[in-house]
Amino acid sequence: MSQFRIAIVGAGPAGYFAAQALQNSETEDRTFAIDMIERLPTPWGLVRSGVAPDHPKIKTVSKVFEKIAAVHNFRLFGNVELGTDISMSDLTSRYDAVIVATGSSLGRKLGIPGEELKGSLSAADFVPWYNGHPDFAGLEVPLDCDTAVVIGAGNVAMDVARMLALNPAELDPTDTADHAIAALKKSAMRRVILCARRGAEHAAFTSPELRELPKLEHTNVLMSAAEVEAALLRVGAEPEKDVKNNLGAMELITQKEPTSHERTLEFEFLLAPIEIHGRDRVEEIVLGINKIEGNKVISTGETKTIKCGLVISAIGYSAEPIDGVPFAQGKVDNNDGRVPHSNIYAVGWAKRGPSGVIGTNKSDAAEVVKLLVDDLPVLPKNAGDVSDLLKSHSIITQSHWEKINIAEVSAGEPLGKPRVKAVVKEELLKHAGY
């Protein structure tokens with residue numbers, strides 16, 4: 001029997017599904033020893049630090065991750081940073097294959113004047129801030145204004161807008177970071193406007209997310225019936241399934257009886273950001289008014305100005321480059337997951353860019369692992385692993401993570417929360433027993 005050693009860099013959904021695919025590919029003659037390397041002391045990636053806290057059902061996929069981690073040939077190397085503690089060459093020389101599953105963590109810029117002002121943030125910073133990511137716990141989020149503008153037309157933009165427009169008391173039973181709940185409760189925010197560059201039919205929201213909006217108990221949700229009707233006319237009698245479902249969900253929003261809550265979430269389509277104005281901080285944003293002609297979005301030449309104190313852009317992500325791995329167009333340069341002329345592979349957002357939902361990573365990882373298995377030599381390298389390089393390092397193993405998990409869950413129980421997240425690295429290491 002041959003046992004091949006595989007390193008997976010990144011402990012998010014793509015990494016775990018890659019590990020699962022490897023486990024499912026074992027035969028009587030071939031097994032896999034899997035080492036998962038994660039920069040943070042905590043695994044689960046976006047399931048921990050990206051999924052909106054008021055959507056706890058999505059986080060239940062972590063139970064699948066824990067089953068994958070319980071298999072005897074799986075080891076977690078948390079609190080280990082590639083490029084600082086170890087190098088890619090350390091991995092490629094020791095392991096039969098290396099799978100990059102580091103996701104896309106850098107927010108794309110709007111590229112407009114005023115974007116550098118205080119109060120202009122990327123969702124790539126704001127989302128991990130309210131989710132308790134240690135790197136963003138100290139982020140300054142100015143919430144002393146009554147109006148925020150969110151730029152984007154995907155689920156991340158909607159999550160950001162909804163988190164700002166909710167009554168913060170609704171977050172008390174969630175695992176939202178304590179510092180974020182405290183800041184949101186002090187907030188003067190009452191109006192949140194989500195602006196999309198294209199028409200309603202082009203929005204990348206998913207219909208389940210849209211269908212939840214009319215159920216918000218303390219927030220008015222406003223969408224123009226005329227804009228939705230115009231979009232329906234443009235797509236014709238037989239639109240694509242996702243477009244049809246989205247527009248149907250938008251129709252339900254426009255048909256909801258008006259409410260008089262003090263908090264409002266508004267959707268505006270065909271608006272593109274041009275510049276942000278302000279002396280020392282964001283005071284207003286100027287948006288170009290677009291129109292659709294012949295299925296193309298074009299500028300009308302007219303503008304609209306919205307007074308606001310906070311602008312959050314959610315227009316996509318790109319992957320953070322890794323020394324020793326070729327990158328192009330914001331992701332690992334790969335052919336169907338293979339990195340040419342190497343034993344490196346890529347899965348998830350690092351491979352394909354920021355698209356799809358968490359479940360998309362399962363089929364994606366399975367396809368890449370099939371290629372990886374086909375590429376393996378007859379015999380493994382038997383060149384060891386990285387544990388010898390990390391002897392004096394505070395590695396978070398699976399058992400250490402279980403201690404952190406228990407501590408957080410125990411802290412949440414008396415408060416009716418799923419957990420209270422530790423957001424400082426030293427506190428996480430203390431929970432782990434270091």
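The values are calculated or read from the model by the stated rules, or taken from the named source; none is laboratory data. It should be emphasised that the depicted structure is a prediction, and the values quoted were computed from it without experimental measurement. As a convention, Cβ positions derive from the backbone with ideal geometry for all residues, glycine included, and neighbour counts pool all protein chains shown.
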**OP:** Only one of these is assigned by TED's automatic domain parsing to the domain that holds H72 and free of Cβ contacts under 8 Å to residues at least 24 places away in the same chain: K391, K381. Name it.
**Re:** K391
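Okay, residues lined up against (1) within 15 Å of the chain's Cα centre (by Cα); (2) in a helix (DSSP H, G or I); (3) closer than 30 Å to G309 by Cα; (4) hydroxyl-bearing (S, T, Y):
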| position | (1), (2), (3), (4) |
| --- | --- |
| R48 | yes, yes, yes, no |
| V51 | yes, no, yes, no |
| V71 | no, no, no, no |
| L76 | no, no, no, no |
| V80 | no, no, no, no |
| T84 | no, no, no, yes |
| S93 | no, yes, no, yes |
| I99 | no, no, no, no |
| P113 | no, no, yes, no |
Original post:
Taking the range 395-432 only, how many residues are outside any helix (DSSP H, G or I) and small (G, A, S)?
Top reply: 2
Subject >> Qualifying residues in the range 318-339 (those that are more than 20 Å from A124 (Cα to Cα) and either among the acidic types (D, E) or in contact with a Pro (Cβ under 7 Å, 6 or more places away or on another chain) (or both)) - the one surrounded by the most Cβ atoms within 10 Å (Cβ to Cβ) >> reply: V339
**OP:** Count, please, the residues in the range 110-128 that happen to be out of contact with any Gly (no Cβ under 8 Å at 6 or more places or on another chain) and crowded, with 22+ Cβ neighbours inside 10 Å.
**Re:** 2
Subject >> Enumeration of residues in the range 359-394 that are assigned to a loop (DSSP other than H, G, I, E, B), aliphatic (A, V, I, L, M) and modelled with pLDDT of 95 or more >> reply: L376, V386
Original post:
Looking at this structure, is S187 surrounded by fewer than 22 Cβ atoms within 10 Å (Cβ to Cβ) and within 20 Å of G119 (Cβ to Cβ)?
Top reply: yes
Original post:
Here are V71, V47, V51: which of them is farther than 19 Å from E408 by Cβ and in contact with a helix residue (DSSP H, G or I) (Cβ under 6 Å, 6 or more places away or on another chain)?
Top reply: V71
Original post:
Which of (1) touching a helix residue (DSSP H, G or I) at 6+ places or on another chain (Cβ under 7 Å); (2) closer than 30 Å to V235 by Cα; (3) part of a strand (DSSP E or B); (4) not basic (K, R) is the odd one out, the single condition V156 does not satisfy?
Top reply: (3)
Original post:
Given the conditions (1) touching a strand residue (DSSP E or B) at 6+ places or on another chain (Cβ under 7 Å); (2) farther than 21 Å from R198 by Cβ, which single one is not true for Q255?
Top reply: (1)
